[in-house]
Every structure is written in structure tokens, then in C-alpha cells.
Amino acid sequence: MRHRILAVAIALCVSTTVHAQNQRVVVPAGFWVTGDNSWSRIQAAGPMVQIVSPQFDTFNVGVTDFNAARSQFDANRSVGQLVLGYVDTSNGNRNPGDVDNDIALWYANYSTNYSTHIDGIFFDQGPDMTVNAGNQTYYANLNSRLKLAHPSAKEMLNAAGFGSTDPWVMSVTDYVTLWEAPYVDPTNSGKASYRDRYVATSPDLLSAPPPAWWDSYGSRVTHIVFNAQSRTISPSGEAFGNEPNASGEL
């Protein structure tokens, strides 16, 4: 899904043994860094937010106040949040040179005086086995180029369309999104909503267990759950609360 419309999305790190204290939020921040208090709210969440990814035109000259954005990114990073610049890969069909150019723009605009104000890149529109059977080579090479140019960079890859039972995707990224769907399916189309499948019903029980190999990578797996209501993570071990609050609340 395009990053711009993920302003109210959240993603949760999960494993087959879900414990509330291990879950942290990933925010695809499809809204402006300046002129909106959303970034301050994300910052205020502190280490509960693990990753935040600014929208894809945040590197455009004439659109973004780079000094303000750098300061905000540093503020988020100072409370333990990773800031990853957004880059579209079009399911492995986008020209690698264009992808590399976007990466270079992020680092050019958010690096000053030997300091870097981002932590890496979020690659959206990732592997979709029904679109491009050569995804493994494409994303392995992409990861290699990113790490060669920026050795300390962290990568998150949206592989929600990844249908393989082989976990090769875990070898080409630091964090991977393996689910992208509404919290509740509003169309009643028969597609499983997140509420119907991966909501924890007790500290060690999922209503629908994920593929077995996810358990080996629980701290690196994220889920994009859009149109989500506000949820709490209780000390008793519930993964979610039941408050019917407005979408997009952290």
C-alpha cells in the first residue's frame, strides 16, 4: 500500500508467543513533519514506538523544511525510535537505479556535518510472488547495495504480499512486514481481518497461529494494521484493549 495513505496505520512486532511487554509500535507516518503535532505525539510515546517512517516526499526540495525535519527526526531518535526514510520498490519491478537515487536523496538531505539524521530505509511495495518471481535476487541485491553505501543503515521491507512458505525474505532485511490489512474488514469480503486472526487472546495464545517460521523471527516481524482503533497493552498480558476510540491514536 502506498505510504501516503497509511497515516492511521500501526504495525506490531509479534511472535507466536505474544507478550505485551515485547510489543512495540511501528508508525508509517504519512503526514508532514512540520505543521502537524502528530510527530510530537509519536516522539512522546518514547521507546514504545520502535520505528517511524516519514512519507516519501519528505526529501523534496521546496516542499520540506529540512532543518525542522532533521531536528524532529533527531528528537525521535533521542527517545529510542528508529527513523527510516520511505522508498517505493513497486514489488521488485522498479528500476534499481531509481530506487538507489531515492536512497541517495534521503541521505543527502538528512546528513550534515558528518551526522546522519535518519537510521535507514523503509522499502514499501515489496516482494509479491504473484507479480515478480525474481524478487529474491532483486531484494537481496537491494539490501547489499544499501548496506554497502550505508553500513549502519537499518532496513524495513514491506513484504505483505509475500506468499512463500520459505522464509528467505528474512535474509534480505532487518525488519519485515508480513501482514497488511484492516483491523476489521469493512467489506465483509471474506478476507480475514487482523481482529479475526492475529489478536492475542491470552499471553501465550493467538486466535489464529501464524506460520511456524515467524516464531524464529518474532522481534523482526511487523504487521501493518490500518483503520485501527486505539488499543492498550495491559500489564496482565493482553495484546490489545477494547476501547472504541478514534482511528490513528497511538
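The values are calculated or read from the model by the stated rules, or taken from the named source; none is laboratory data. These figures come from a predicted structure and were not determined experimentally. Glycine gets a Cβ as well: all are built from the backbone with ideal geometry, and neighbour counts include every protein chain shown.
Go through the residues of segment 171-189 one by one and say whether even a single one is out of contact with any strand residue (DSSP E or B) (no Cβ under 6 Å at 6 or more places or on another chain) and at pLDDT 85 or above.
Looking through segment 171-189, at least one residue is out of contact with any strand residue (DSSP E or B) (no Cβ under 6 Å at 6 or more places or on another chain) and at pLDDT 85 or above.
If I filter segment 6-63 down to residues being outside any loop (DSSP other than H, G, I, E, B), aliphatic (A, V, I, L, M) and farther than 27 Å from residue 104 by Cβ, which single residue comes out as modelled with the highest pLDDT?
The initial filter retains those residues of segment 6-63 that are outside any loop (DSSP other than H, G, I, E, B), namely 10-12, 20-22, 25-29, 38-44, 46-54.
Narrowing the set further to residues that are aliphatic (A, V, I, L, M) leaves 10-12, 20, 25-27, 29, 42, 44, 48-49, 51-52.
In the following step, the residues that additionally are farther than 27 Å from residue 104 by Cβ were identified as 10, 12, 20, 25, 44, 48.
Values: 10: 44, 12: 47, 20: 39, 25: 79, 44: 91, 48: 86.
Taking the candidates together, the pick is 44.
Within the group 122, 73, which residue is touching a residue at least 40 places away in the same chain (Cβ under 8 Å) and outside any helix (DSSP H, G or I)? Give the derivation first.
Details: 73 fails: outside any helix (DSSP H, G or I).
Every option except 122 fails the conditions.
Within segment 76-95, how many residues are part of a helix (DSSP H, G or I) and more than 11 Å from residue 51 (Cα to Cα)? Break it down stepwise before answering.
Quick first cut of segment 76-95, residues part of a helix (DSSP H, G or I) only: 76-78, 90-92.
When the remaining residues are screened for being more than 11 Å from residue 51 (Cα to Cα), the result is 78, 90-92.
Result for segment 76-95: 4.
If you scan segment 96-116, which residues turn out to be assigned to a loop (DSSP other than H, G, I, E, B) and at pLDDT 90 or above?
110 - this is the single residue of segment 96-116 that is assigned to a loop (DSSP other than H, G, I, E, B) and at pLDDT 90 or above.
Determine whether residue 66 is at pLDDT below 95, surrounded by fewer than 21 Cβ atoms within 10 Å (Cβ to Cβ) and in contact with a helix residue (DSSP H, G or I) (Cβ under 6 Å, 6 or more places away or on another chain). Can you show your working first?
On the way: at pLDDT below 95: yes; surrounded by fewer than 21 Cβ atoms within 10 Å (Cβ to Cβ): yes; in contact with a helix residue (DSSP H, G or I) (Cβ under 6 Å, 6 or more places away or on another chain): yes.
For residue 66, the condition - at pLDDT below 95, surrounded by fewer than 21 Cβ atoms within 10 Å (Cβ to Cβ) and in contact with a helix residue (DSSP H, G or I) (Cβ under 6 Å, 6 or more places away or on another chain) - is met.
Yes or no: residue 143 at pLDDT 95 or above, surrounded by 17 or more Cβ atoms within 10 Å (Cβ to Cβ) and under 23 Å from residue 167 (Cα atoms)? Walk me through how you get there before you give the answer.
Working: at pLDDT 95 or above: yes; surrounded by 17 or more Cβ atoms within 10 Å (Cβ to Cβ): yes; under 23 Å from residue 167 (Cα atoms): yes.
So residue 143 passes the test.
Which members of segment 137-170 meet the condition of being in contact (Cβ under 8 Å) with a residue 60 or more places away in the chain and charged (D, E, K, R)? Don't jump to the end; show me each part of the working.
Going residue by residue through segment 137-170, those that are in contact (Cβ under 8 Å) with a residue 60 or more places away in the chain are 154-156, 158, 160-161.
154, 155 - these are the residues of segment 137-170 that are in contact (Cβ under 8 Å) with a residue 60 or more places away in the chain and charged (D, E, K, R).
Give me the pairs, please: first residue somewhere in segment 76-103 and touching a residue at least 12 places away in the same chain (Cβ under 8 Å), second residue anywhere and in a helix (DSSP H, G or I) and hydroxyl-bearing (Ser, Thr, Tyr), beta-carbon distance under 7 Å, and either six or more positions apart or on two chains.
From residues that are touching a residue at least 12 places away in the same chain (Cβ under 8 Å), the pairs are 92/138; 92/139.
Looking at segment 94-134 only, could you name the residues that are within 15 Å of residue 83 (Cβ to Cβ) and either touching a Gly at 6+ places or on another chain (Cβ under 6 Å) or of a type in the set (S, T, N, Q) (or both)?
Once the filter is applied, which keeps residues that are within 15 Å of residue 83 (Cβ to Cβ) and either touching a Gly at 6+ places or on another chain (Cβ under 6 Å) or of a type in the set (S, T, N, Q) (or both), segment 94-134 yields 106, 109, 111, 112, 115, 116, 118, 121.
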